[in-house]
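K.L.:
Below you will find the structure I want to go over with you.
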Amino acid sequence: MRPLTEQDVRSSFVNASPDDLRLVALPSDFVLVDWDHLDFFAWRDPRTRGRGYVIIEVDGEARGVVLRASDTSSHARSAMCNLCHTMQPADQVALFTARKAGDAGDNGDSVGTYICTDLSCHENVRLAAPLAPSEVRASVDRRIDGTRRRTEDFVTRVFENAGSRR
């Protein structure tokens, strides 16, 4: 992923209102990010409970989405993240929703999926061994490619039909 500045990050969000942009808090280690080793950049907001962010390059352009984590917890024992496809204890996977971009978002439309609560999918797929015995043992490269593709698909679903507004 190409290096991003704070301004690049703020201007990448396709589904953010001016108030959302004002509230964005970058992670404390932002200046230390090793961009060469990232497929996408994701973090939980250190100041606002329940908010997270994902930025990925789509067609050479950084596109980010503002996420909201659900408040409810699952009664299941384990759950699978829909981005990195790793099994986690249920309290480590949450439903995240993203308001759609453009008029659809203004009308209340959103997209949701289950994601690792700490948004650590990028690191999880790089683990050599699966996190649970029931996981398919795919190569690390395939897991990385799949996670990147699923993350790009999710961000694209947020952006689709946004019209001319960005």
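K.L.:
Among the listed residues Ser110, Ser164, which satisfies the condition of being at pLDDT below 90 and among the hydroxyl-bearing types (Ser, Thr, Tyr)?
P.N.:
Ser164
K.L.:
Further, regarding this structure: Pairs under 6 Å by beta carbon, first residue touching a residue at least 24 places away in the same chain (Cβ under 8 Å) in the stretch 106-128, partner among the small types (Gly, Ala, Ser), six or more apart or different chains?
P.N.:
Val111/Ala98; Thr117/Ala94; Leu119/Ala42; Leu119/Gly52
K.L.:
Looking at the stretch 123-137, is at least one residue within 19 Å of the chain's Cα centre (by Cα), modelled with pLDDT of 75 or more, part of a helix (DSSP H, G or I) and within 15 Å of Asp39 (Cα to Cα)?
P.N.:
yes
K.L.:
Being in contact with a helix residue (DSSP H, G or I) (Cβ under 8 Å, 6 or more places away or on another chain) and either of a type outside the set (A, V, I, L, M) or more than 21 Å from Asp153 (Cα to Cα) (or both) is the filter here; which residues of the stretch 5-40 pass it?
P.N.:
Correct list: Glu6, Arg10, Phe13, Asn15, Leu21, Val24, Leu26, Phe30, Asp39, Phe40.
K.L.:
Does Leu95 satisfy the criteria of being surrounded by 13 or more Cβ atoms within 10 Å (Cβ to Cβ) and part of a strand (DSSP E or B)?
P.N.:
Yes.
K.L.:
Taking the condition among the hydrophobic types (A, V, I, L, M, F, W, C) and under 16 Å from the mean Cα position of the chain (by Cα), does Leu26 pass?
P.N.:
yes
K.L.:
If you don't mind, another one. Just to be sure I understand, how many residues within the stretch 46-61 are modelled with pLDDT of 95 or more and over 18 Å from Pro18 (Cβ atoms)?
P.N.:
Counting residues in the stretch 46-61 that are modelled with pLDDT of 95 or more and over 18 Å from Pro18 (Cβ atoms) gives 4.
K.L.:
Being modelled with pLDDT under 95, touching a strand residue (DSSP E or B) at 6+ places or on another chain (Cβ under 9 Å) and of a type in the set (Phe, Trp, Tyr) narrows it down to one of Trp35, Trp43, so name that one.
P.N.:
After applying the criteria, what remains is Trp35.
K.L.:
Let me ask something else about it. Which residues, taken from the stretch 13-53, are among the acidic types (Asp, Glu), farther than 13 Å from Gly64 by Cβ and touching a residue at least 40 places away in the same chain (Cβ under 8 Å)?
P.N.:
Passing the criteria: only Asp39.
K.L.:
May I ask you to verify whether Ile115 is surrounded by 13 or more Cβ atoms within 10 Å (Cβ to Cβ), among the aliphatic types (A, V, I, L, M), more than 18 Å from Ala69 (Cα to Cα) and modelled with pLDDT of 85 or more?
P.N.:
When the stated conditions are applied, Ile115 does not pass them.
The values are calculated or read from the model by the stated rules, or taken from the named source; none is laboratory data. It should be emphasised that the depicted structure is a prediction, and the values quoted were computed from it without experimental measurement. Heads up, the Cβs are rebuilt from the backbone with ideal geometry, glycines too, and the neighbour counts pull from every protein chain shown.
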